[in-house]
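K.L.:
Okay, here's the structure, questions in a sec.
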Amino acid sequence: MPIDSSLPYDDQNIFARILRGEIPCNKVFEDEWSLAFHDIRPQAPVHVLVIPKGAYVGWDDFTNTANDAELAGFTRAVGLVARELGLSSGYRLMVNMGHDGHQEVPHLHVHIFGGRQFRLMIAD
Ligand code: 5GP
């Protein structure tokens, strides 16, 4: 079910619990600003999620309220993770935002898809 992104941050959401180490993840990268791990239901040969460590519901509140260091640290982490995954021939980034974007987990995450060539921009 898509989330209602106008609700306040829920610190019991699944990615908050992964950040606190309460639930395991298959980690690929971590630094001061970000954590990256493999998606539990991959939709491409490579499907990794990058999340900021701050408590942001989605792209809207992150870009509106995060400070410059958080914004830069997170953005750089997405590029770094893609490079470390060896996706030198390209990849696709996706952020689902709120109800109409069909966001399901209410903690900002960037999807990195790779390992094959993508065609359609939006299938559904
Ligand atoms: P959204 O639709 O919110 O953009 O994407 C949420 C993503 O989180 C989905 O691709 C889903 O497979 C992934 N996901 C949901 N729960 C877990 C979990 O517990 N662990 C991991 N690694 N991924 C999860």
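The values are calculated or read from the model by the stated rules, or taken from the named source; none is laboratory data. These numbers were taken from a predicted model, which means no experiment stands behind them. Don't worry about glycine lacking a Cβ; one is built from the backbone with ideal geometry, like all the others, and counts go over all protein chains shown. Accessible surface is based on the protein model in full, side chains and every heavy atom, while ligands, DNA and RNA are left aside. Shrake-Rupley method; radii C 1.70, N 1.55, O 1.52, S 1.80 Å.
K.L.:
What's the FRET efficiency of H99 with I14 using the Cβ-Cβ distance as r and R₀ = 25 Å, to the nearest 0.05?
P.N.:
It comes to 0.90.
K.L.:
Probe radius 1.4 Å, ligands and nucleic acids left out: which of M94, M121, M1 has the largest accessible area, and how do the rest follow? Display every interim value, and only then the final one.
P.N.:
Values: M94 70, M121 160, M1 180 Å².
From most accessible down to least: M1, M121, M94.
K.L.:
Order these peptides, 60-66, 103-109, by their mean beta-carbon neighbour count within 10 angstrom, highest first.
P.N.:
Highest-to-lowest ranking by the protection proxy: 103-109, 60-66.
K.L.:
Follow-up question, since we're still on this one. Given the options G21, G73, G90, which has the most mean-square fluctuation in a GNM of the chain, springs set between C-alpha atoms less than 10 angstrom apart?
P.N.:
G21
K.L.:
So which GluC sites (Glu not before Pro) in segment 5-59 end up in coil per DSSP with only 13 or fewer other C-beta atoms within 10 Å?
P.N.:
Of the GluC sites (Glu not before Pro), the ones in loops of segment 5-59 whose Cβ has at most 13 other Cβ atoms within 10 Å are E22, E32.
K.L.:
If you roll a 1.4 Å probe over the heavy atoms of the protein chains, what accessible area per residue do you get for segment 69-124, in Å²?
P.N.:
Result: 64 Å² per residue.
K.L.:
Quote the relative contact order of segment 14-114 in percent (integer), defining contacts as alpha-carbon pairs under 8 Å separated by 6+ residues.
P.N.:
32
K.L.:
Of H111, H99, H47, which has the largest mean-square fluctuation in a 10 Å C-alpha GNM of the chain?
P.N.:
Maximum among the listed residues: H99.
K.L.:
How about segment 1-74: which trypsin sites (Lys or Arg not before Pro) there lie in a loop by DSSP and see at most 10 other Cβ atoms within 10 Å?
P.N.:
R20
K.L.:
Give a residue-ordered list of calculated ³J(HN,Hα) values for segment 38-51 (Karplus: 6.51 cos²θ - 1.76 cosθ + 1.60, θ = phi - 60°; whole Hz; x for Gly, Pro).
P.N.:
5, 5, 6, 10, x, 10, 7, x, 10, 9, 10, 10, 10, 10
K.L.:
Skipping prolines and chain starts, which residues have an amide H placed within reach, meaning under 5 Å, of the one on S34, given they are 5 or more residues away or on another chain?
P.N.:
When sequence neighbours closer than 5 places are left aside, the close amide H contacts are K53.
K.L.:
First select every other residue whose beta carbon is under 13 angstrom from the beta carbon of T75; then total the charges, Lys and Arg +1, Asp and Glu -1. Show your work: numbers first, answer last.
P.N.:
Details: positive: R76; negative: D31, D68, E70.
Residues close to T75 contribute a combined charge of -2.
K.L.:
Give the accessible surface of segment 1-60 per residue, rounded to a whole number of Å², with probe radius 1.4 Å and ligands, DNA and RNA excluded.
P.N.:
Numbers: 3570 Å² over 60 residues.
Accessible area per residue, segment 1-60: 60 Å².
K.L.:
Could you please state how large a percent of the accessible area of the chain is carbon and sulfur, counting protein chains only and using a 1.4 Å probe?
P.N.:
52
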